[in-house]
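Each remark here refers to the structure printed beneath this line.
The values are calculated or read from the model by the stated rules, or taken from the named source; none is laboratory data. Only a predicted model underlies this, so the values are computations on that prediction, with no experimental measurement involved. In this analysis, Cβ positions are derived from the backbone assuming ideal geometry, glycine residues included, and neighbour counts consider all displayed protein chains. The area values use the complete protein model at the heavy-atom level, side chains included, leaving out ligands, DNA and RNA. Shrake-Rupley method; radii C 1.70, N 1.55, O 1.52, S 1.80 Å.
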Number of protein chains: 2
Amino acid sequence: MPSPRRHTAAAGPAPRRRRSRGELERRLIVDAALAVSAREEGYEGLTFQALGDELGVHPTAIYRHFRDKDELMLTLVEAIHAEVLAGLPPPGTDWAADLRLLALRSYEVFLRFPAISQVAAVRTTRSENEFQVVERIVGCLQRAGFDDADAAVYYRAFSDVLLGYVALDAGFAALRPATREGDLRAWSVNYRSLPAERFPGLAATAALIPAVADPANFTTALDLLIEAIRARAGKGGERCEAGTGPAAGR
Amino acid sequence: MPSPRRHTAAAGPAPRRRRSRGELERRLIVDAALAVSAREEGYEGLTFQALGDELGVHPTAIYRHFRDKDELMLTLVEAIHAEVLAGLPPPGTDWAADLRLLALRSYEVFLRFPAISQVAAVRTTRSENEFQVVERIVGCLQRAGFDDADAAVYYRAFSDVLLGYVALDAGFAALRPATREGDLRAWSVNYRSLPAERFPGLAATAALIPAVADPANFTTALDLLIEAIRARAGKGGERCEAGTGPAAGR
DNA sequence: ACCTGAACACCGTTCAAGT
DNA sequence: ACCTGAACACCGTTCAAGT
């Protein structure tokens, strides 16, 4: 029998109902791509083929609406930022609580789309929703009492830790299941059977180390970071600024 | 003229001197792969084709020594861990200084190989050198005065922040140059021209935000993290440490 | 204007064939 | 035992052709 180079329509998953002409738009493509991303394994699982199947359309039809995969991906990130902002209460009176909530919300929403987040954490979309998220973080740090220069420096460090954690845990979630389970097993098996003479610390603690990509790990790191920022804010200018109200102006 | 599907020997970069039979070993492949990784852009730049060229050998010859690209990559990570350990002085008297040095050294060495680190940060190699690095970190936290359970929890958080930062900055370094420069420009242009009415915080601070992937950013985050860990350790077990550190300024 | 189909230049991986 | 060459099942992307 002939072996087709590409799987035929019969072999692949049944395509959605075929769309009539002109029905395809960026909005539809974004939604379909998010659906595929939530389901598929890694960024390379988000395929024009899979996306075409999801939309009931030829894979290359997408190129009419997005220049390339990178432009599509950046648009998806903006959509994720929108979702982050949509679920976020307005800033309250406690800058640290606001900062913490924003980070937790971002982490949680991004990790719903590991295939994208794995690759998106590194990028800057430079568009509206991203601007708003950054503005929120900077605002928290100004309210903490830092001057503009310090707020800028801590913005970058805080944001990097957040995005780095997203990249890490999303990357883990995006692994092929067999790979992921193998790596998990390393911690529940290999690390727990090391010789105590050569690895005294691990012999005592290995069984107590939390699992890779457990969301509690991010919370631990986040709280440490906020404690340290708070401590530094206290040492610096905070007390002369404390009474001046939420509009830190400039 | 015929357009060959694959670039011919004449079209590609001149292969290194052809090796005689049996000269190929894992050690040689690892070195060549590290060389390619330091030069190439992303993980997909580390190609069997490029590696074959570097070695003066047919691309598929590598399969005789490594099961697949994943096994090769994990071996590369072990080699990087070896390099980390080789440049690390033995533990001293100050757990925080030791922890800081280990993190800085890891970050620095991994970032020499962005193509690999981008993908490696997520993984567990479960082999000798990785065990040793983990043992060192756990040891620092035990010396800080934490009990085993706390040491285990803080190990994971600390290690995640380190690896997340590596993933983030390596991912950025591994971007195609045009993409990387475009993203940098976002911060030096787009973020600096936002309307002050809608983005008061950014209007004041955008010009002061450090560049993406500036290594100083990691140092800032690292010092914050260690300060917080030290503070928590002080509350629990050991307090005799408070004044000793050489003023962890940023 | 919008979508399809075929083609192109790649990938990683397998396998029979050479030495 | 070790390497080569050809093939396979994918990728993203381009482009002429259809409607």
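With label points defined 7 Å past Cα in the direction of Cβ, position B:Ala86 shows copy-to-copy spacings of 5.2 nm, given to one decimal and shortest first. Which residues among segment A:136-172 fall inside the zone where the amide N is under 16 Å from a point 7 Å beyond the Cα of A:Ala96, along Cα→Cβ? A:140-146, by backbone N distance to the label point. Interface residues of segment A:145-163, defined as those with an accessible-area decrease of at least 40 Å² between the chain by itself and the complete set of protein chains (probe 1.4 Å), are A:Asp148, A:Ala152, A:Val153, A:Arg156, A:Ala157, A:Asp160, A:Val161. For A:Leu208 and A:Arg64, a Förster radius of 41 Å and the Cβ-Cβ distance give a FRET efficiency of 0.15, rounded to the nearest 0.05.
The alpha-carbon of A:Lys235 sits under 21 angstrom from the alpha-carbons of these lysines, leaving out residues fewer than 8 places away in its chain: B:Lys235. Surface composition of segment A:57-145: carbon plus sulfur atoms hold 56% of the accessible area, using a 1.4 angstrom probe and ignoring ligands, DNA and RNA. Per residue, the solvent-accessible area of segment A:91-250 (1.4 Å probe, heavy atoms of protein chains only, all protein chains present) comes to 39 Å².
Starting from the label point of B:Pro215 at 7 Å along Cα→Cβ, the same points in the other copies fall at 3.6 nm, in ascending order. If R0 is taken as 22 Å, the Cβ-Cβ distance between B:Gln49 and B:Ala82 corresponds to a FRET efficiency of 0.25. Burial annotation for segment A:110-136: residues with an accessible-area loss of at least 20 Å² between the isolated chain and the complete set of protein chains, computed on heavy atoms with a 1.4 Å probe, are A:Val122, A:Arg123, A:Thr124, A:Arg126, A:Glu128, A:Phe131, A:Val134, A:Glu135.
Protection proxy ranking, highest mean first, for peptides A:174-185, A:220-231, A:43-54: A:220-231, A:43-54, A:174-185, where packing is the per-residue count of other beta-carbon atoms within 10 Å, averaged.
Fully extending the segment from A:Arg27 to A:Thr179, taken as 0.36 nm per residue of separation minus the present Cα-Cα distance, adds 51.3 nm. Annotation for the A:B interface, with buried accessible surface near 5800 Å², both sides summed [1.4 Å probe; non-protein components not counted].
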